[in-house]
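The values are calculated or read from the model by the stated rules, or taken from the named source; none is laboratory data. Quick caveat, the model's predicted, so the values are computed rather than measured. Glycine gets a Cβ as well: all are built from the backbone with ideal geometry, and neighbour counts include every protein chain shown. Heads up: the accessible areas ignore ligands, DNA and RNA and are worked out on the full protein's heavy atoms, side chains in. Shrake-Rupley method; radii C 1.70, N 1.55, O 1.52, S 1.80 Å.
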Amino acid sequence: MESRSSSVDSRLSGRGAGSISTTPLSARVESYEAAEKKCISDVRRTFCLFVTFDLLFITLLWIIELNVNGGIEKQLDKEVLHYDYHASFFDIFLLAVFRFAALILAYAVCKLRHWWAIAITTAVSSAFLIVKVILSKLLSQGAFGYLLPIISFVLAWIETWLLDFKVLPQEAEDDSRYQSIMDATQRAPLLHPGPLSDGQFYSPPESVADSDEELDDKHDPEKGLI
């Protein structure tokens, strides 16, 4: 009886350990499934916010430049309606709009997981700004002739760094972790014993020694009287 109870206890304890070990896995699976249901990951949302900041910051600097150089209406007529590549800042604003539209479309709407879109926008921005600084007369127009091209160039490369070193590696790591947890949950039922059935509880047969003693008592009448 003691051996039977100890075996049952060991089976029950084994079942309890299995249920405890599978509980964290199920919790992790639920958390990753909830993350998969999100429209966009946290790191990708941060990247899209920075792209929006790029457009708004360049727009703000351009508006300040219009006010400083003679008023918004007068400068808009000069830089937009009578556009001059060598003296206008309007094309730097359009370059920021191009980066914003391309990156939001690629990484927020289409949820692209490749670097080719950011490579195109950064290459176009860098080439255009370098050529404009060399050929135009922006450097002779005060502080904004230095400020707008430099800030636009730096923001474009910060976006490249964020996507290449933060967004894509983090999402790839999350996907691999989720896949490993799913594989572990699929293997978990094979590793842990199933529930105990009623057929596993049985009484052991009577021993041979007890049966011999009972037969001797039946054949010996004196032992029966005593």
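For residue 209, the criteria (1) open to solvent by 50 Å² or more (accessible area, probe 1.4 Å); (2) modelled with pLDDT of 90 or more; (3) aliphatic (A, V, I, L, M) hold in every case but one, which is (2). Only one entry of 68, 43 meets the criterion of being crowded, with 16+ Cβ neighbours inside 10 Å, touching a residue at least 60 places away in the same chain (Cβ under 8 Å), of a type in the set (Val, Ile, Thr) and on the phi < 0 side of the Ramachandran plot, and that entry is 43. Every test in (1) under 42 Å from the mean Cα position of the chain (by Cα); (2) open to solvent by 70 Å² or more (accessible area, probe 1.4 Å); (3) of a type outside the set (S, T, N, Q) is passed by residue 133 save one, and that test is (2).
If you scan region 46-60, which residues turn out to be among the aliphatic types (A, V, I, L, M) and either open to solvent by 40 Å² or more (accessible area, probe 1.4 Å) or at pLDDT below 95 (or both)? Scanning region 46-60 gives 49, 56, 60.
Checking the stated criteria, residue 151 turns out not to satisfy the condition of being open to solvent by 60 Å² or more (accessible area, probe 1.4 Å) and either hydrophobic (A, V, I, L, M, F, W, C) or not in a helix (DSSP H, G or I) (or both). The set of residues in region 82-110 being of a type in the set (Phe, Trp, Tyr) and without any contact (Cβ under 8 Å) to a residue 12 or more places away in the chain consists of 83 alone.
Somewhere in region 97-106, is a residue charged (D, E, K, R) and more than 25 Å from residue 170 (Cβ to Cβ)? Looking through region 97-106, none of the residues is charged (D, E, K, R) and more than 25 Å from residue 170 (Cβ to Cβ).
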